[in-house]
Amino acid sequence: MNLHRHAARIAVLISATALAIVTCAVAASAATSIDPGWWLDHHGSAPASCCWWRWWEPAHARLVKAPQRHAQPAAATPPAASPLPTGNGNLTLLGINDEATGAVGTAWADAVLKAMDAPPTSANVQTMLGWFANEGTPHDLNNPLNSNVPYGGSTVSTANGNPASDRIQAYPTPEDGVMGIAEQFTTAAGGDASYPAITAALRAGTGLEGSAATSEIASELSIYSGGGYDSILSSGNSGSVIAVQKGQ
């Protein structure tokens, strides 16, 4: 009798063990079919009641339980504006009473010539320096030639003594001033049709002085200055207020 009882107990233990093995196998299969991310999204935490979660969860998932989903990338930082390249470093801001002379004037001359597709020859640079002197001070902000072509958020200014109807511009930055001056001679907005001889001479690298000072150039300079001067070496007007009427 005792032998039969022991055999029965052993059979019961074997059945219980088999049932446990089957149960674990089923649980393991279920564990591998559940997406941890899905469970976290829907339940907020791992199912603490199931020991298989920790055993069957992949190692990398245990390290990061709640990955950030649908995160928006940070807005790209716009590149800083680069100054217009010149042969003498960055341009210097020109206040209304700042003369465009010396190294500062040369940097401005180089930049304006470059923007006009004109070479920075010694004749061209000397012409630009002389032209800056013709316009004199006060001139409008960042505008040593008192251009009236809007550019880069410029505004009409009367700082140089001209009436508002002449539309002389104050430019926010030196680079805006360079482009506004260049467009005076290279775009319809600036009245480029009035200055073909000036533009051609500068692009040829001959400047506007001496033997390059033709009657056509003299006429165009007179138009540009509203009759204030007809040559770059008109030193009598240098530094004085000139009634400039451009784009006529």
(request) Kindly indicate whether any position in the stretch 159-170 is among the polar types (S, T, N, Q) and touching a His at 6+ places or on another chain (Cβ under 8 Å). (result) yes
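Select, from ALA100, ALA111, the only residue that is touching a Gly at 6+ places or on another chain (Cβ under 9 Å) and not basic (Lys, Arg). Outline the logic, then answer.
Numbers: ALA100 fails: touching a Gly at 6+ places or on another chain (Cβ under 9 Å).
Answer to the check: ALA111.
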(request) Could you please let me know if GLU183 is of a type outside the set (A, V, I, L, M) and in a helix (DSSP H, G or I)? (result) yes
(request) Scan the stretch 135-156 for residues that are free of Cβ contacts under 8 Å to residues at least 40 places away in the same chain and part of a loop (DSSP other than H, G, I, E, B) and report the count. (result) 6
(message) Just the residues that are touching a Lys or Arg at 6+ places or on another chain (Cβ under 9 Å) and either modelled with pLDDT of 95 or more or not assigned by TED's automatic domain parsing to the domain that holds ILE181 (or both), please, taken from the stretch 225-248.
(response) LYS246, GLY247
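Look at GLY207 and say whether it is modelled with pLDDT under 95 and outside any helix (DSSP H, G or I).
No, not satisfied.
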(request) Among the candidates THR206, THR158, THR127, THR186, single out the residue that is buried (at least 24 other Cβ atoms within 10 Å of the Cβ), β-branched (Val, Ile, Thr) and assigned by TED's automatic domain parsing to the domain that holds GLY227. (result) THR127
(request) Scan the stretch 104-116 and give yes if some residue there is touching a strand residue (DSSP E or B) at 6+ places or on another chain (Cβ under 6 Å), surrounded by 13 or more Cβ atoms within 10 Å (Cβ to Cβ), in the same structural domain as GLY228 (by TED's automatic domain parsing) and modelled with pLDDT of 95 or more, otherwise no. (result) yes
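The values are calculated or read from the model by the stated rules, or taken from the named source; none is laboratory data. Predicted, not measured: the structure shown is a model, and the values here were computed from it. Quick reminder, even Gly has a Cβ in these numbers, built from the backbone with ideal geometry, and neighbours come from all protein chains shown.
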